[in-house]
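Trainee: Please find one structure pasted underneath; my questions will follow.
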Amino acid sequence: METCKVAVLGGGLAGLYTAQALHASGIDVILVEARERLGGRILTADETGTPAGDGFDLGPSWYWPLMQPAMATLVSEFGLASFGQNSEGAVIFERMSREKPQRYLPASTDQQSMRLAGGTAAAVRALAGKLPAERIRLGWKVTAMELAEDGARLTVDTGGD
Ligand SMILES: Cc1cc2nc3c(=O)[nH]c(=O)nc-3n(C[C@H](O)[C@H](O)[C@H](O)COP(=O)(O)OP(=O)(O)OC[C@H]3O[C@@H](n4cnc5c(N)ncnc54)[C@H](O)[C@@H]3O)c2cc1C
């Protein structure tokens, strides 16, 4: 049995940010992630679909600094390189898999959407880099939680026998 002061469940953006902030405050934290990779819905992958350091965003790709100031703060706090999404000209867009891709002229918006250089996974790497590797548990799926007298107890499926 392992013990810690705080267990953060889920290694997506929310869990990663929380875990590194707790760690930075000197709190004994373990980040528990069911998958064998961090990022959750964030996935930057190469042309074969394998997670890559510089690739295509298959999940979240944009942030809007005015609407998501916390994301803008994270980008500047961690010194991540960002750039404005090009919005000139037409786009080819496949709205649904059963429809053919179609050409659209994007509606103009007041808000500039931003992207992270190298893909959104750059934020995942930056956050994970602030946590000691031994505080991150990949492939640990939490299957139950109970309150005990001495704290909360988690049951995890680690995929083993
Ligand atoms: C295709 C797509 C495109 C998107 N585009 C944008 C965009 O352009 N801009 C934008 O702002 N937002 C976008 N979003 C939304 C954005 O992805 C989410 O708001 C954000 O990633 C959610 O982060 P999260 O950490 O809350 O959750 P998640 O990323 O879902 O992370 C949750 C984590 O918890 C883990 N977990 C779940 N159950 C357990 C368990 N029992 N035990 C252990 N671990 C567990 C999961 O494996 C996962 O890693 C998009 C989403 C999708 C799917």
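Trainee: Considering Leu131, Leu138, which residue is surrounded by 10 or more Cβ atoms within 10 Å (Cβ to Cβ), in contact (Cβ under 8 Å) with a residue 12 or more places away in the chain, of a type in the set (A, V, I, L, M) and in contact with a His (Cβ under 9 Å, 6 or more places away or on another chain)?
Mentor: Working: Leu138 fails: in contact with a His (Cβ under 9 Å, 6 or more places away or on another chain).
Exactly one of Leu131, Leu138 is surrounded by 10 or more Cβ atoms within 10 Å (Cβ to Cβ), in contact (Cβ under 8 Å) with a residue 12 or more places away in the chain, of a type in the set (A, V, I, L, M) and in contact with a His (Cβ under 9 Å, 6 or more places away or on another chain), namely Leu131.
Trainee: Take residues that are open to solvent by 70 Å² or more (accessible area, probe 1.4 Å) and either more than 16 Å from the ligand (Cβ to nearest atom) or not basic (Lys, Arg) (or both) and tell me which of the strands (runs of 3 or more DSSP E) falling wholly in region 1-114 contain 1 or more. It would help to see each step written out before you state the result.
Mentor: Values: elements: 6-9, 29-33, 82-84, 91-93, 102-104.
Qualifying strands (runs of 3 or more DSSP E): 6-9, 82-84, 91-93, 102-104.
Trainee: Mind checking whether some residue in region 36-56 is small (Gly, Ala, Ser) and in contact with an Asp or Glu (Cβ under 7 Å, 6 or more places away or on another chain)?
Mentor: The initial filter retains those residues of region 36-56 that are small (Gly, Ala, Ser), namely 39-40, 45, 49, 52-53, 55.
Then keep just the ones that are in contact with an Asp or Glu (Cβ under 7 Å, 6 or more places away or on another chain); that gives 52, 55.
Looking for residues that are small (Gly, Ala, Ser) and in contact with an Asp or Glu (Cβ under 7 Å, 6 or more places away or on another chain), one finds at least one in region 36-56, hence yes.
Trainee: Given the residues Thr120, Thr73, which is the only one that is of a type in the set (S, T, N, Q), in contact with a Pro (Cβ under 7 Å, 6 or more places away or on another chain) and under 15 Å from Leu13 (Cβ atoms)?
Mentor: Details: Thr73 fails: in contact with a Pro (Cβ under 7 Å, 6 or more places away or on another chain).
Just a single option satisfies the conditions, and that option is Thr120.
Trainee: Can you give me the number of residues within region 141-153 that are open to solvent by less than 60 Å² (accessible area, probe 1.4 Å) and within 10 Å of the ligand (Cβ to nearest atom)? First the steps, then the outcome.
Mentor: Going through region 141-153, the residues open to solvent by less than 60 Å² (accessible area, probe 1.4 Å) turn out to be 142, 144, 148, 151.
In the following step, the residues that additionally are within 10 Å of the ligand (Cβ to nearest atom) were identified as 142, 144.
The qualifying residues number 2.
The values are calculated or read from the model by the stated rules, or taken from the named source; none is laboratory data. Predicted model only: the values in this text are computed from it and were never measured. Cβ coordinates were reconstructed from backbone atoms using ideal geometry, including for glycine residues, and neighbour counts include every protein chain displayed. Heavy atoms of the whole protein, side chains included, go into the accessibility calculation; ligands, DNA and RNA do not. Shrake-Rupley method; radii C 1.70, N 1.55, O 1.52, S 1.80 Å.
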